[in-house]
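Scroll down for the structure; my scribbles are underneath it.
The values are calculated or read from the model by the stated rules, or taken from the named source; none is laboratory data. Given the structure is predicted, the values throughout are model-derived calculations rather than measurements. We place every Cβ from the backbone using ideal geometry, glycine too, and count neighbours over all the protein chains shown.
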Amino acid sequence: MIRFDNVSKSYPGSSGGLREVSLHILPGEMVFLTGHSGAGKSTLLKLVGLLERSSRGQVWVNKHNLTRLKPADVPLLRREVGMIFQDHRLLVDRTVFDNVALPLVVAGLGHQEIRRRVQAALDKVSLLKKARVLPVTLSGGEQQRVGIARAIVSKPPVVLADEPTGNLDPELSHEIMQLFQEFNQVGVTLLIATHDLALVESMQKRILTLEQGRLLRDSRSSEST
Amino acid sequence: MKARKRQQGFNRRLRPATWLARHAQVLFSSLGRLWQRPLGSLMTLLVLGIAIALPLGLHLLVNNLQQLVSQWDSGASISVFLKENTDEKTVKTLVRTLQTEQTIRDIRHVSPQQAMEEFRQHSDFASALELLDDNPLPHVLLIYPRDAKIPAKKLQVFLQKLENHPEVELALADLQWVERFQGITHIIQRAALVLAVLLSLAVLLIIGNTIRLEIQGRRDEIEIIKLVGGSNAFIRRPFLYEGFWYGLFSSLIAMVLIFLSALALQNPVSHLASLYQSDFQLSGLAITTTLGVIGSSVLLGILGAWIAVHQHLGDMEPD
Ligand SMILES: Nc1ncnc2c1ncn2[C@@H]1O[C@H](COP(=O)(O)OP(=O)(O)OP(=O)(O)O)[C@@H](O)[C@H]1O
Ligand SMILES: [Mg+2]
């Protein structure tokens, strides 16, 4: 569950950010976030993953009010939100296995459990054979799948993806979307930012469109009215 | 849905066994980090070891000097010169009175005749002495105190007490050099203390700076760990353990340096001591001192790391 109540976010010395955004994403929904470059897609995701704090308004994620979250609880919230980035953000000096294991290690899981879950996650993204290699030896699409495995390994209720297909060819992009759809089918709430409109339309899911920091259009509410 | 919904708590419990295993794992992986750049780590450790060894060596020197003085003290005697014309019988009575004193271990009486005899044997003035009709030398009592080591103040009181006897003209102890010597050892001791404080600060700064560089080199890693929900404690832990290892190893290196220095000095010192008919041996570090030094440098290491982590962890938020 993700909920924004009149959320604004302004950056010092910049006109960009978010303005009075209100939205409500139900558990188990798969939602796309689109808009021109600079519209505020990344900003919105960062507010959900607590990489930024809102300037005004309230943000709710998994029944936690992020506006009132204590600093000590920030890591605990991030464990409930898997994040995927265009630039993967992998540790270059750790193996694929260790990268995917990281969220479980910081959460303090036992060795056996970590092994089991990492293998399951790598199996899901078809990278089980590459568990022992360093990320630099992988292609862009494979690195992205490592990032995805890391985001879902701890089975978070919410997964965010910022331009997950940005650097990938259409075929790979489709594979990734296929994966997201599988996660969604087991109940994961997904929020995916992308400006690949063709891809978004082919998925036939709810679409939020941002423009200059405002929520311009919500496909679901426009359908219902 | 109402905005005022009750906030649901997070599950932050960790099994004790997991917690322990995690600490043990970090303890050794941080050791591995030191090992990853052996030359750099070794150089840092040597600098730290020398910084710790300097005041420690000085402390050891003071200890040995004081021991040396105490050995000489026990052989020292107090010379009591009796008044002229004191007769043999009065001397005997005085000796007997003094012998009952607890503080006195032994008394040797040197009569004017014996003194003259010694004087003859050792002096070039022997022939000049022949010319004297009377023996001008007084009775002398050589008094050996029971205590091996008497503080200067107490000695002064003791001498005064001896001079209070009516037969005594003068009581003398070679106090001056003892006082000077003790003054010098006090200065060295104080210098060792000042040096220890300054170099502790240096150790703190060096370890802090080493950890600071380490943190900056791992900036990306720290941000990614925060991204996937790593707590500050989780990120802090390996750096604190690294500080622990720096503290431990540098104090051990300091011990080795001290040991090697003592080894190099042992022979010349024994040789010198033998010239003075002394069986003086260099004494090493007491076990309490050793443990104290290791403990404090470990604490300094952890503290230095803690300071570095606190200064830099806050501004490493992912974006
Ligand atoms: N850290 C920041 N400091 C200042 N301004 C920022 C910062 N981050 C974003 N902005 C501004 O906020 C606006 C929205 O940025 P954001 O990254 O959310 O856009 P976006 O929709 O993700 O764009 P893109 O498609 O190019 O990724 C931009 O105008 C940008 O300049
Ligand atoms: Mg963006």
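Of the residues making up segment A:141-174, those that are free of Cβ contacts under 8 Å to residues at least 40 places away in the same chain and either within 12 Å of chain B (Cβ to nearest Cβ) or hydrophobic (A, V, I, L, M, F, W, C) (or both) are A:168, A:172. Would a scan of segment A:59-70 turn up a residue that is within 16 Å of ligand 1 (Cβ to nearest atom) and touching a strand residue (DSSP E or B) at 6+ places or on another chain (Cβ under 9 Å)? Checked against the condition, which is being within 16 Å of ligand 1 (Cβ to nearest atom) and touching a strand residue (DSSP E or B) at 6+ places or on another chain (Cβ under 9 Å), segment A:59-70 yields at least one hit.
Among the residues making up segment A:150-173, a single one is among the small types (Gly, Ala, Ser), more than 16 Å from ligand 2 (Cβ to nearest atom) and buried (at least 24 other Cβ atoms within 10 Å of the Cβ): A:151. Of everything listed in (1) facing another protein chain (nearest Cβ under 9 Å); (2) modelled with pLDDT under 95; (3) farther than 28 Å from residue A:129 by Cβ, the single unmet condition for residue A:93 is (3). Contact map, segment A:2-18: first residue on the phi > 0 side of the Ramachandran plot, second residue within 12 Å of ligand 1 (Cβ to nearest atom) and among the charged types (D, E, K, R), Cβ cut-off under 8 Å, separation 6 or more or different chains; pairs are A:17/A:9. Of everything in segment A:26-55 that is out of contact with any Ser or Thr (no Cβ under 7 Å at 6 or more places or on another chain) and in a strand (DSSP E or B), the residue that is farthest from ligand 2 (Cβ to nearest atom) is A:30. Residues of segment A:96-110 that are more than 7 Å from chain B (Cβ to nearest Cβ) and aliphatic (A, V, I, L, M): A:96, A:100, A:101, A:104, A:105, A:109.
In this structure, does residue A:213 turn out to be in contact with a Lys or Arg (Cβ under 7 Å, 6 or more places away or on another chain) and more than 22 Å from residue A:27 (Cα to Cα)? Considered against the rule, which asks whether it is in contact with a Lys or Arg (Cβ under 7 Å, 6 or more places away or on another chain) and more than 22 Å from residue A:27 (Cα to Cα), residue A:213 comes out as yes.
Here residue B:109 fulfils each of the conditions (1) surrounded by fewer than 12 Cβ atoms within 10 Å (Cβ to Cβ); (2) part of a strand (DSSP E or B); (3) not charged (D, E, K, R) apart from (1).
Number of residues in segment B:132-181 that are under 15 Å from residue B:103 (Cα atoms), among the basic types (Lys, Arg) and modelled with pLDDT of 75 or more equals 3. Of all residues in segment A:26-49, those satisfying the criterion of being surrounded by 14 or more Cβ atoms within 10 Å (Cβ to Cβ), near ligand 1 (Cβ under 10 Å from one of its atoms), more than 14 Å from chain B (Cβ to nearest Cβ) and not hydrophobic (A, V, I, L, M, F, W, C) are A:34, A:35, A:38, A:40, A:41.
Is it the case that segment B:259-278 has a residue that's away from every other protein chain (no Cβ under 14 Å) and in contact with a helix residue (DSSP H, G or I) (Cβ under 7 Å, 6 or more places away or on another chain)? Yes; the residues of segment B:259-278 include at least one that is away from every other protein chain (no Cβ under 14 Å) and in contact with a helix residue (DSSP H, G or I) (Cβ under 7 Å, 6 or more places away or on another chain).
This table checks each residue for (1) in a helix (DSSP H, G or I); (2) without any contact (Cβ under 8 Å) to a residue 12 or more places away in the chain; (3) closer than 21 Å to residue B:26 by Cβ.
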site	(1), (2), (3)
B:199	yes, no, no
B:202	yes, no, no
B:206	yes, no, no
B:213	yes, yes, yes
B:222	yes, no, yes
B:226	yes, no, yes
B:230	no, yes, yes
B:244	yes, no, yes
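Within segment B:38-92, can you find the residues that are of a type in the set (Ser, Thr, Tyr), under 20 Å from residue B:158 (Cβ atoms) and modelled with pLDDT of 85 or more? Selection gives B:79 alone. Within segment B:261-270, at least one residue is surrounded by 13 or more Cβ atoms within 10 Å (Cβ to Cβ), more than 20 Å from residue B:202 (Cα to Cα) and more than 19 Å from the chain's Cα centre (by Cα). Residues that are surrounded by 21 or more Cβ atoms within 10 Å (Cβ to Cβ) and free of Cβ contacts under 8 Å to residues at least 60 places away in the same chain are absent from segment A:129-138. Taken together, the residues in segment A:56-94 that are within 16 Å of ligand 2 (Cβ to nearest atom) and more than 18 Å from residue B:10 (Cβ to Cβ) amount to 6.
Per the listing A:23, A:18, the residue uniquely more than 10 Å from chain B (Cβ to nearest Cβ), within 16 Å of ligand 2 (Cβ to nearest atom), part of a strand (DSSP E or B) and touching a Lys or Arg at 6+ places or on another chain (Cβ under 8 Å) is A:18. In segment A:73-81, is there at least one residue being facing another protein chain (nearest Cβ under 10 Å), free of Cβ contacts under 8 Å to residues at least 60 places away in the same chain and in a loop (DSSP other than H, G, I, E, B)? Scanning segment A:73-81 turns up no residue that is facing another protein chain (nearest Cβ under 10 Å), free of Cβ contacts under 8 Å to residues at least 60 places away in the same chain and in a loop (DSSP other than H, G, I, E, B). Please indicate, with yes or no, whether at least one residue in segment A:1-10 is within 16 Å of ligand 1 (Cβ to nearest atom), under 20 Å from residue A:85 (Cβ atoms), surrounded by fewer than 19 Cβ atoms within 10 Å (Cβ to Cβ) and within 14 Å of chain B (Cβ to nearest Cβ). No, the conditions are met nowhere in segment A:1-10. Restricting to segment B:13-39, name every residue that is of a type in the set (S, T, N, Q) and over 17 Å from residue B:247 (Cβ atoms). If the condition is that a residue be of a type in the set (S, T, N, Q) and over 17 Å from residue B:247 (Cβ atoms), then B:18, B:25, B:29, B:36 are the ones that fit. Of A:93, A:123, all but one fail to be assigned to a loop (DSSP other than H, G, I, E, B) and among the acidic types (Asp, Glu); the exception is A:93.
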